[in-house]
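J.: Provided herewith is a single structure, encoded as C-alpha cells, for subsequent inquiry.
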Amino acid sequence: MMDGAADLKRVKFYGAADLASHWHLERIAYLIAHFDTTDVPPTVVDAIELHNVHSYIEAGVLPLTYSPRERATAEALAPQLRAAVSKFFFGFNDTNVAARLSGIPYYYRFNLLELLGRNRAFERCTPEVMLPALTEAGVNLAEMLDCKKLVSTYDSHIRDALLADARNAEHLIRKYLQKDVSSELYVPKNFTSFDAKELLSNYLDSEDANLNFVRLIETAPIDVQTGIDARLKLKAKRRSQRMVEELFREESAMKIKTGAEVRLSDSQREPAKTELDDMVTTHTYSRSWLDGTLDKASILNNFQHLFEFADDHALLTLPSYPSELGVFERFMTTTGRRDYQIGAAFRAKEISSLLQTRLYQDYLSSKDIDLETVISWFFDSYLVEEFGALNFSFAPSAPASSFLEKARHLFAEMEGIVNQFRLYVQEGELDRELLALTSDPVAYRQIPSLLNGKYVYATDHEEIHGVLHTLFSDQSGLTYINDTLHDSSAARLLVRNEISYTDFAVHQQSIVDKLIHLRVLEDTGARVQIAKTEQFGLLYRLFARNAATYHRLSREGRTHVDAFEARGWVTRSSSLLTEAEASYFNYFLNKTEFSNGPELRNKYLHGSQAASASESEHFQTYLTSLKMLIALVIKINDEFCLSMT
C-alpha cells in the first residue's frame with residue numbers, strides 16, 4: 001500500500017470536465033500499462049483507484065499523447081478493470097471487513113460505499129460488523145446516509161444511529177429544509193414522522209443547536225413527513241429568540257453601526273442626495289422640491305422617481321435580486337428550500353423604503369394631505385380622466401383607526417384592487433356586479449397584463465447564462481487583468497478602460513473570442529469593447545432585474561430581443577408583475593411560495609398576528625402595506641400608460 005504522501009497522487013475521477021483531470025493522466029497511463037488481468041488488487045485503496053481509472057476510460061479522458069491504437073487498447077481494457085474491482089469487493093465478509101477497511105483516504109469514501117453496495121457486500125456482512133468497521137475507517141453517518149443501498153439494508157440500525165444523538169437532526173434539516181445541498185441523503189423506511197419530530201425537538205433542546213438550523217425549522221412549512229408541526233415551529237422560534245438575545249447580551253468590543261437615515265433639507269438644491277458613511281446610508285431630500293410637488297400625481301411620481309421604488313422602466317427596485325447578493329450570501333449562508341433569499345442589500349432597501357414612506361407620510365400630513373386619499377384619487381379619478389377606466393375604487397382607512405385596523409384594511413383593499421384590475425384586463429371593462437360575484441384568491445404571479453409579451457426573461461440556454469455571468473458577475477474570469485487593471489465586473493472593466501485583446505491572458509482570450517463570436521463584444525484593434533449599446537442595456541436588465549420590459553425598449557432594443565428569441569436566449573410573457581416582483585409580494589404577504597416570510601396578509605386578515613405585538617409593530621406593518629400598495633399603483637399606472645402608446 002502507498003504511504004500518505006503518495007496517496008495524494010492517487011487517481012480520483014471528479015468528472016470529465018473537471019480541471020483536475022489532467023493531473024491524473026500520467027498515473028492513469030502508468031496503471032493501464034502495468035495492469036495485469038490475472039491479478040486481484042492487493043488493497044481496497046488499489047481497487048478503488050482502478051475503479052476511478054475505469055471511470056476515466058469510460059468518459060474518454062485519456063492522455064493526449066495516446067495514439068489511436070493505445071486509446072483502443074485502453075478502451076478494450078475497461079471491462080477487465082471493472083471485473084478486477086468487482087472480484088476484490090465480492091471477497092468482503094464478516095471475517096475480513098475490518099482489516100480490509102483500513103487506511104482509506106477521505107476522498108475515496110464515497111467510492112467505497114458505492115462499490116460495497118454495487119457488489120452486495122452489505123448483504124453478506126452483518127450490520128454489527130460492517131457499521132463499526134466503516135466508522136473505524138473514518139466513514140461518518142452523513143456519508144452513510146448518502147448511500148441508498150447501505151441505508152435500505154441496515155435500516156433499523158441506521159434509524160437507531162440517527163436517534164442516538166440530537167445533533168443528527170442536522171442531517172434531516174439538510175435533507176428536507178436546506179436549499180442547494182450537494183448530495184441526497186436517505187433515511188430508513190422505518191424512520192417515522194414521529195421519530196423526525198422527536199429528533200428535531202431534542203435538537204432544539206440541545207446546547208449544540210446551530211442558530212442557522214434552528215431558523216430553518218422556525219420558517220419551515222408544516223409537513224407530516226418532516227415531523228414539523230405548529231408546536232415545533234413555535235419551539236424553534238422561541239429558541240431562536242433566546243439564542244439571538246444571548247449573542248447580543250454582552251456588548252461587543254467592536255461596535256458596527258449599520259442602517260439608513262432619511263432627512264429633509266431646507267438648503268439642498270438637488271431633489272435627492274444619497275451618502276454612505278461606513279455602513280449607514282443617508283438619504284436627504286429637498287424640502288423645496290417636495291413643496292413644489294404637492295399635486296396628487298407628483299406625490300405618487302415621487303415614490304417612483306425621488307425615492308426610487310422603481311427604475312426608469314417601472315421595474316420595482318424593492319425585491320431581492322440575485323445580482324445584489326454578495327459572494328458569502330450566495331455560497332456560504334444556510335438557506336431553506338422554500339426560503340426567499342435575502343442579503344444585506346435587500347435589508348438596506350427595506351429599511352430605506354420604510355423610512356422614506358414614514359418621512360413622506362409625516363411631511364404630507366403637515367400639509368393636511370392624507371397619502372391614502374391620494375391613492376384613492378388615483379383609482380377613483382385619475383384612471384377615469386386619463387384612460388377612461390371606469391369603476392375602479394379604493395377606500396382609505398378611517399383616520400381614527402388603530403394601526404392594527406389600518407393594516408388589516410389596507411391588505412383587504414390591496415386584494416380588492418388586484419381583483420378589479422384582473423377583471424378589467426379579462427373583460428375589457430370593470431363590471432362591479434360581476435366583481436361582486438368573484439371571490440378567487442389573489443395569485444400575484446398570475447395577475448394579467450394589458451400588453452402582449454410584456455416582459456422579457458432569460459431562458460435556461462447555456463449561452464445567455466454564460467454571457468450574463470461573464471459580463472456582470474463578480475466571479476467572472478474577465479474581471480482581472482493585473483494589479484492595476486481590474487474591477488467588480490468585466491462590463492465595468494471594459495467600459496472604464498481601454499483594454500486591447502493582447503492585454504488578456506491566454507486563458508481569458510478564449511472567453512473573449514466566444515463573446516466576439518456571439519456579437520456581444522467587438523475588437524476594434526485598439527480595444528475590446530461592448531458591441532452595441534442597446535443590446536448591452538438589455539443584457540444588463542436581464543442580469544440586474546431578471547427581466548426587461550419589452551414595450552419600454554427602443555426600436556433597436558426590441559430588435560435585439562427578437563434576435564435573442566431566435567437564438568433561444570430569451571422568452572416573453574405577460575403579467576402585471578415580473579416573476580421577481582411577484583415573489584416579493586408573496587414573501588411579505590402569504591406562504592404560497594416561501595416559508596420564511598412574515599406572512600403579513602394572512603396573519604392580519606385572519607387575526608392570527610402575535611397577541612403581544614405592540615402598536616409600533618402594527619405601525620411598521622401598516623407602513624409595509626402602504627409601501628406595497630404604492631408599488632402596485634406604480635405598476636398599474638405603467639400598464640395603462642404603455643397600453644395607450
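The values are calculated or read from the model by the stated rules, or taken from the named source; none is laboratory data. Bear in mind that the values here come from a model prediction, so they are computed numbers and not experimental data. Every residue, glycine as well, gets a Cβ built from its backbone with ideal geometry; the counts of neighbours run over all protein chains shown.
J.: Name the single residue that is farthest from GLU429 (Cα to Cα) among those in the stretch 364-383 being in a helix (DSSP H, G or I) and acidic (Asp, Glu). Talk me through it step by step, then tell me what you get.
T.: From the stretch 364-383, those in a helix (DSSP H, G or I) are 364-366, 371-383; that's our starting set.
Subset that is acidic (Asp, Glu): 372, 380.
Values: GLU372: 25, ASP380: 15 Å.
Across the stretch 364-383, the extreme among qualifying residues is GLU372.
J.: So which residues in the stretch 434-483 are of a type in the set (Ser, Thr, Tyr) and under 19 Å from GLN509 (Cα atoms)?
T.: Taking the stretch 434-483 and keeping what is of a type in the set (Ser, Thr, Tyr), we get 438-439, 444, 449, 455, 457, 459, 470, 473, 476, 479-480.
Selection gives THR470, SER473, SER476, THR479, TYR480.
J.: Follow-up question, since we're still on this one. Considering the stretch 515-555 alone, what residues qualify as being in a loop (DSSP other than H, G, I, E, B), of a type in the set (D, E, K, R) and closer than 19 Å to TYR457 by Cα? Walk me through how you get there before you give the answer.
T.: Applying the first criterion (in a loop (DSSP other than H, G, I, E, B)) to the stretch 515-555 yields 518-520, 524-527, 531-532, 545-547, 553-554.
Restricting the remaining residues to those that are of a type in the set (D, E, K, R) gives 519, 527, 532, 545.
Listed by number, the list holds a single entry, ARG545.
J.: Conditions first: (1) more than 29 Å from ASP312 (Cα to Cα); (2) out of contact with any His (no Cβ under 9 Å at 6 or more places or on another chain); (3) polar (S, T, N, Q). THR578 passes all but one, so which condition is the exception?
T.: Evaluating THR578 over (1) more than 29 Å from ASP312 (Cα to Cα); (2) out of contact with any His (no Cβ under 9 Å at 6 or more places or on another chain); (3) polar (S, T, N, Q) leaves (1) as the failure.
J.: Additional query: Testing LYS197 on (1) surrounded by fewer than 19 Cβ atoms within 10 Å (Cβ to Cβ); (2) assigned to a loop (DSSP other than H, G, I, E, B); (3) not acidic (Asp, Glu), one condition comes back false. Which one is that?
T.: Unmet condition: (2).
J.: For the stretch 535-551, name all the residues that are closer than 14 Å to LEU576 by Cα and of a type outside the set (S, T, N, Q). Write out each step before concluding.
T.: Initially, the stretch 535-551 is screened for residues closer than 14 Å to LEU576 by Cα, giving 547-551.
Answer for the stretch 535-551, where residues must be closer than 14 Å to LEU576 by Cα and of a type outside the set (S, T, N, Q): ALA547, ALA548, TYR550, HIS551.
J.: Anything in the stretch 416-440 that is over 22 Å from MET644 (Cα atoms) and free of Cβ contacts under 8 Å to residues at least 12 places away in the same chain? List them, or say none.
T.: As a first pass, look at the stretch 416-440 and keep what is over 22 Å from MET644 (Cα atoms): 416, 432-440.
Result: GLU433, LEU434, ALA436, LEU437, SER439.
J.: So, one more: From SER86, SER102, SER156, which residue is in a loop (DSSP other than H, G, I, E, B), among the small types (Gly, Ala, Ser), more than 27 Å from PRO221 (Cβ to Cβ) and outside the structural domain of LEU204 (by TED's automatic domain parsing)?
T.: Result: SER102 is the single residue among SER86, SER102, SER156 that is in a loop (DSSP other than H, G, I, E, B), among the small types (Gly, Ala, Ser), more than 27 Å from PRO221 (Cβ to Cβ) and outside the structural domain of LEU204 (by TED's automatic domain parsing).
J.: Scan the stretch 419-440 and give yes if some residue there is within 28 Å of SER616 (Cα to Cα) and buried (at least 17 other Cβ atoms within 10 Å of the Cβ), otherwise no. Spell out how you get there, then give the answer.
T.: Quick first cut of the stretch 419-440, residues within 28 Å of SER616 (Cα to Cα) only: none.
No, the stretch 419-440 has no match at all.
J.: Of the residues ASP278, ASP229, which is modelled with pLDDT of 85 or more and either of a type in the set (A, V, I, L, M, F, W, C) or outside the structural domain of SER366 (by TED's automatic domain parsing) (or both)? Please lay out each step first, then the result.
T.: Values: ASP278 fails: modelled with pLDDT of 85 or more.
After ruling out the rest, the residue left standing is ASP229.
J.: Which one of these is in a helix (DSSP H, G or I) and among the hydrophobic types (A, V, I, L, M, F, W, C): VAL456, VAL467? Please lay out each step first, then the result.
T.: Details: VAL456 fails: in a helix (DSSP H, G or I).
The match here is VAL467.
J.: In addition: Being buried (at least 20 other Cβ atoms within 10 Å of the Cβ), touching a residue at least 40 places away in the same chain (Cβ under 8 Å) and not in a loop (DSSP other than H, G, I, E, B) is true for just one of GLN361, GLN356. Which residue is that?
T.: Working: GLN361 fails: buried (at least 20 other Cβ atoms within 10 Å of the Cβ).
None of the other options fit; the residue is GLN356.
J.: When the residues of the stretch 384-406 are narrowed to those that are part of a helix (DSSP H, G or I) and either modelled with pLDDT of 95 or more or charged (D, E, K, R) (or both), which ends up surrounded by the fewest Cβ atoms within 10 Å (Cβ to Cβ)?
T.: Going through the stretch 384-406, the residues part of a helix (DSSP H, G or I) turn out to be 384-387, 403-406.
Next, from what is left, pick out any that are either modelled with pLDDT of 95 or more or charged (D, E, K, R) (or both): 384-387, 405-406.
Details: VAL384: 13, GLU385: 8, GLU386: 14, PHE387: 16, GLU405: 15, LYS406: 22.
By that ranking, first place goes to GLU385.
J.: Read through the list (1) assigned to a helix (DSSP H, G or I); (2) farther than 24 Å from ARG358 by Cα; (3) acidic (Asp, Glu), then give the number of the only condition that ASP440 fails.
T.: If we test ASP440 against (1) assigned to a helix (DSSP H, G or I); (2) farther than 24 Å from ARG358 by Cα; (3) acidic (Asp, Glu), just (1) comes out false.
J.: Still on this structure, I have one more. I need a count of the residues in the stretch 562-590 that are surrounded by fewer than 23 Cβ atoms within 10 Å (Cβ to Cβ), within 13 Å of ALA443 (Cβ to Cβ) and either hydrophobic (A, V, I, L, M, F, W, C) or at pLDDT below 95 (or both).
T.: 2
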